[in-house]
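*Asks:* I'd like to ask some things about the structure below.
The values are calculated or read from the model by the stated rules, or taken from the named source; none is laboratory data. Predicted model only: the values in this text are computed from it and were never measured. When we count neighbours, we look across all protein chains shown, and the Cβ atoms used for this are built from the backbone with ideal geometry, even at glycine. For accessibility, only protein heavy atoms count, side chains too; no ligands or nucleic acids. Shrake-Rupley method; radii C 1.70, N 1.55, O 1.52, S 1.80 Å.
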Amino acid sequence: MSEARENEGSMRGRAAQGVFWTAASNWGNELTRLLVFIILARLLDPRDFGLVSLALIFIGMTQVVADQGMADALVQRKILEPAHYDSAFWMNVAVGVMLAAIIAGLAIPISDLLDEPRLAPVLAVLALSIPISSLN
């Protein structure tokens, strides 16, 4: 009976630790975004800031597609082997690189469609953030 209580206490401790690190990660991400937002707002004039915001709409939508649920699939497996981790990692990286190439390739047509010629280089450069975030 004491072994069951010990396992329950251990599981509670691991759950609490998981909640803490998830919250810390989320708050860290949000604080980083806020800091970047503040820095960009100080460095860019309003027109340029709007241009970056427009480009980030496309990058954000693409990153939603890039996060295809591989981490969720790993969490649901009862038995995990190193090959599962490797496959999920490299699949995320490959999808991130592919989506970045698509966005970079479509940068000029998107900027033409929106009649904003300055958008193409911004979109192409920000597309690099997609494979970088897929390393996560």
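*Asks:* Note the per residue figure in Å³ for the convex hull of the C-alpha positions in the chain. If you can, show how the numbers build up before the last one.
*Replies:* Numbers: hull volume 15.2 nm³, N = 136.
In the chain, the Cα hull volume divided by residue count equals 112 Å³.
*Asks:* If one computes the Cα centroid of region 11-46 and of region 55-102, what distance in Å separates the two points?
*Replies:* With region 11-46 and region 55-102 each reduced to a Cα centre, they are spaced 20 Å.
*Asks:* Provide the gained length on full extension for the span residue 21 to residue 34, in nm with one decimal, where the gain is 0.36 nm per separating residue minus the Cα-Cα distance.
*Replies:* This chain segment gains 2.7 nm when fully extended.
*Asks:* Within the chain, what's the longest stretch lacking trypsin sites (Lys or Arg not before Pro) that sit in DSSP loops with no more than 12 other Cβ atoms inside 10 Å? Walk me through the intermediate numbers first.
*Replies:* Details: sites that count: 77, 78.
For trypsin sites (Lys or Arg not before Pro) (loop position, at most 12 other Cβ atoms within 10 Å), the longest site-free span of the chain is 1-76.
*Asks:* For region 20-59, list log₁₀ I(q)/I(0) at each q in 0.29, 0.34 Å⁻¹, using the Debye formula over Cα point scatterers of equal strength and ignoring solvent, two decimals each.
*Replies:* Calculated log10 I(q)/I(0) at the listed q: -0.92, -1.03.
*Asks:* How large, in Å, is region 71-136 by the Kirkwood hydrodynamic radius built from its alpha-carbon pairs? Can you show the working numbers first?
*Replies:* On the way: mean 1/r = 0.0746 Å⁻¹.
One decimal place: 13.4 Å for the Kirkwood radius.
*Asks:* Can you give me the accessible area per residue for the chain, using a 1.4 Å probe, in Å²?
*Replies:* Working: 10170 Å² over 136 residues.
Per-residue accessible area for the chain comes out at 75 Å².
*Asks:* Give me the percent of accessible area attributable to carbon and sulfur for the chain, probe 1.4 angstrom.
*Replies:* Values: 6800 of 10170 Å².
Solvent-exposed carbon and sulfur of the chain make up 67 percent of the total.
*Asks:* Quick one, could you list the DSSP H helices from the chain stretching 27 Å or more along their long axis (Cα atoms) with average Kyte-Doolittle hydropathy of -0.5 or above? Walk me through the numbers on the way to the answer.
*Replies:* Details: long enough: 2-43 (61 Å, -0.07); 46-66 (29 Å, 1.37); 82-113 (45 Å, 1.24).
Result, helices passing both filters: 2-43, 46-66, 82-113.
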